[in-house]
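Student: Okay, here's the structure, questions in a sec.
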Amino acid sequence: MSTDQAEQDRADLARVLGELRHRWPESRLDPTLDRIRALVDVLGDPQRSYPVIHVAGTNGKTTTARIIDAILRGFGLRVGRFTSPDLVSPTERISLEGEPISDRRFVDTYEDIRPYLELVDKDQPVPLSYFEVLTAMGFAAFAEAPVDVAVVEVGMGGTWDSTNVADGRVAVVTPVGLDHTKYLGDTIGEIAGEKAGIIKPESIAVLAAQEPDAAQVLLRRAAEVDATVAREGSEFGVVSRAVAVGGQVLTLQGLAGVYDELFVPLHGAHHAQNTAVALAAVEAFLGAGADTGVIDVEVVREALVGASSPGRLEVVRGAPTVIVDAAHNPHGMAASVAALGESFSFRRLIGVVAVLGDKDVTGMLEQLEPVLDEVVLTENSSPRRMSADDLAALAVPVFGADRVVVEPRLDDAIEAAVQLAEEGEDQLGGAGVLVTGSVVTAGDARTLLGAGRRSR
């Protein structure tokens with residue numbers, strides 16, 4: 001591609017994103033599928049032109065979707081993947097064959113459906129939202145490709161999420177926890193009820209281990225729609241895992257048998273769980289079971305070696321080690337903290353934390369406190385960010401004033417954290433920086449630290 005063409009593509013992308021951002025943001029919800037149904041109807045229901053693996057849950061959705069994608073591609077299938085939110089560019093949300101679509105393809109897809117957006121907007125009391133348009137773009141891009149299968153991650157909840165106009169042949173629910181309580185409910189059971197909406201008649205429901213209230217709701221929904229159920233801890237799960245350089249080695253019980261010597265370049269028990277769930281989803285999709293035998297173990301091994309999940313305990317710099325992690329609620333933060341202790345041996349660890357204002361911030365800080373020597377509080381680029389000063393007001397009671405530093409700019413905060421990590425004798429090694437608190441924070445930090453414009 002010529003330099004002039006690349007510049008034109010970037011300019012066109014900026015224009016399209018400007019138009020999209022005039023629509024309702026993802027933080028503003030109107031719980032109905034009427035608008036997205038009207039849109040996909042005039043588009044010819046592209047989401048029905050290929051089978052779908054639908055992924056919901058509170059934590060681990062994106063990683064699980066990425067691992068499913070990697071394994072399916074290992075078996076020679078052409079895979080489309082829709083995930084959210086993005087780390088750096090909205091083009092990341094729509095992937096074909098493991099890569100985000102190009103700026104040009106993103107623009108062309110938008111221009112293809114744009115006339116239909118105007119038609120639907122005129123007939124609806126509320127215009128289509130940013131996320132609804134992106135969802136339709138993903139479905140349309142996959143139909144145009146075409147793909148053999150689409151792996152579709154829910155944006156929020158399940159029942160009313162715009163992705164739920166697709167009927168997943170396999171419905172995956174990762175662990176359900178308390179998050180987005182303003183929209184999804186105040187209890188685990190209520191939130192699970194929203195997630196359960198992706199389980200469709202006669203589908204296969206692949207369920208990660210759940211708290212009892214969530215499990216009860218999910219199993220009831222599966223029974224109501226006559227879905228087959230595969231549960232972590234019963235039909236599949238992690239048999240064993242061992243920490244290895246750059247990740248871990250797993251033995252997994254799948255739906256069809258045991259898969260051993262699986263190296264996964266991801267850290268922590270939660271990523272072992274995500275891998276087990278992903279493998280079971282692929283088995284379910286390919287029709288593997290006790291009567292058919294395991295799918296090709298060598299293919300699975302090779303696919304997992306190439307699996308990745310940017311912004312999830314991702315090492316983006318050395319000397320000192322800087323790790324970026326997208327944990328954004330207490331449940332996710334607890335998993336990340338456990339993985340840090342297992343996979344890294346820091347004598348001194350400094351945190352850089354920036355959060356969104358509608359999260360359980362104190363709960364996240366309490367998870368971080370035992371493992372951080374000091375914490376630098378800052379802000380990310382989201383309009384919903386919590387100010388560094390407001391974050392400090394919550395952090396001082398948890399950490400104590402002597403362990404808290406405030407730097408409103410993220411670049412200054414990272415620089416300050418690096419200097420703190422290198423103080424004293426630890427400058428020779430064993431020092432680390434953890435940048436965390438939000439997906440937006442992870443994306444901003446990756447950009448600042450040169451981790452790449454695109455997330456593969």
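Student: Among the numbered criteria (1) without any contact (Cβ under 8 Å) to a residue 40 or more places away in the chain; (2) surrounded by fewer than 23 Cβ atoms within 10 Å (Cβ to Cβ), which single criterion is violated by ALA143?
Tutor: (1)
Student: While we're on this one: Among the helices (runs of 4 or more DSSP H) contained in region 292-410, which hold 3 or more residues that are hydrophobic (A, V, I, L, M, F, W, C), at pLDDT below 95 and under 25 Å from PRO175 (Cα atoms)?
Tutor: Filter on region 292-410 gives 330-343.
Student: Testing GLU342 on (1) within 17 Å of ARG241 (Cβ to Cβ); (2) charged (D, E, K, R); (3) assigned by TED's automatic domain parsing to the domain that holds ALA70, one condition comes back false. Which one is that?
Tutor: (3)
Student: Inspect all residues belonging to region 411-434 and state whether any of them is in contact with a helix residue (DSSP H, G or I) (Cβ under 9 Å, 6 or more places away or on another chain), polar (S, T, N, Q) and modelled with pLDDT of 95 or more.
Tutor: no
Student: Tally the residues that are over 28 Å from ALA334 (Cα atoms) and part of a loop (DSSP other than H, G, I, E, B), restricting the search to region 257-291. Steps first, answer last, please.
Tutor: Keep residues of region 257-291 that are over 28 Å from ALA334 (Cα atoms), which gives 257-258, 283-291.
The next check asks that each one be part of a loop (DSSP other than H, G, I, E, B); those that pass are 257, 287-291.
Result for region 257-291: 6.
Student: Provide a single number: the residues in region 117-127 that are buried (at least 20 other Cβ atoms within 10 Å of the Cβ) and either touching a Gly at 6+ places or on another chain (Cβ under 9 Å) or of a type outside the set (A, V, I, L, M) (or both).
Tutor: Qualifying residue count, region 117-127: 0.
Student: Here's something else I'd like to know. Assuming VAL299 fulfils every condition listed in (1) within 16 Å of ILE68 (Cα to Cα); (2) buried (at least 16 other Cβ atoms within 10 Å of the Cβ); (3) not aromatic (Phe, Trp, Tyr) apart from one, which condition is it?
Tutor: The number of the failed condition is (2).
Student: Okay, next question. Mind checking which pairs have a first residue in region 282-296 that is within 17 Å of ARG73 (Cβ to Cβ) and a second that is among the basic types (Lys, Arg), Cβ under 8 Å, 6 or more apart or different chains?
Tutor: Once the first residue is within 17 Å of ARG73 (Cβ to Cβ) and sits in region 282-296, its partners that are among the basic types (Lys, Arg) give PHE285/ARG169.
Student: Pull up region 234-255, narrow it to residues that are in a loop (DSSP other than H, G, I, E, B) and at pLDDT 95 or above, then point me to the one that is surrounded by the fewest Cβ atoms within 10 Å (Cβ to Cβ). Give the derivation first.
Tutor: At the first step, the residues of region 234-255 found to be in a loop (DSSP other than H, G, I, E, B) are 234-235, 245-246, 254-255.
After this cut, where a residue has to be at pLDDT 95 or above as well, the list is 234-235, 254-255.
Details: SER234: 11, GLU235: 19, GLY254: 25, LEU255: 23.
For region 234-255, the residue satisfying everything is SER234.
The values are calculated or read from the model by the stated rules, or taken from the named source; none is laboratory data. Treat the numbers as computed from the prediction; the structure is a model and nothing was measured. With ideal geometry, Cβ positions are generated from the backbone for all residues, glycine too; neighbour counts draw on all protein chains shown.
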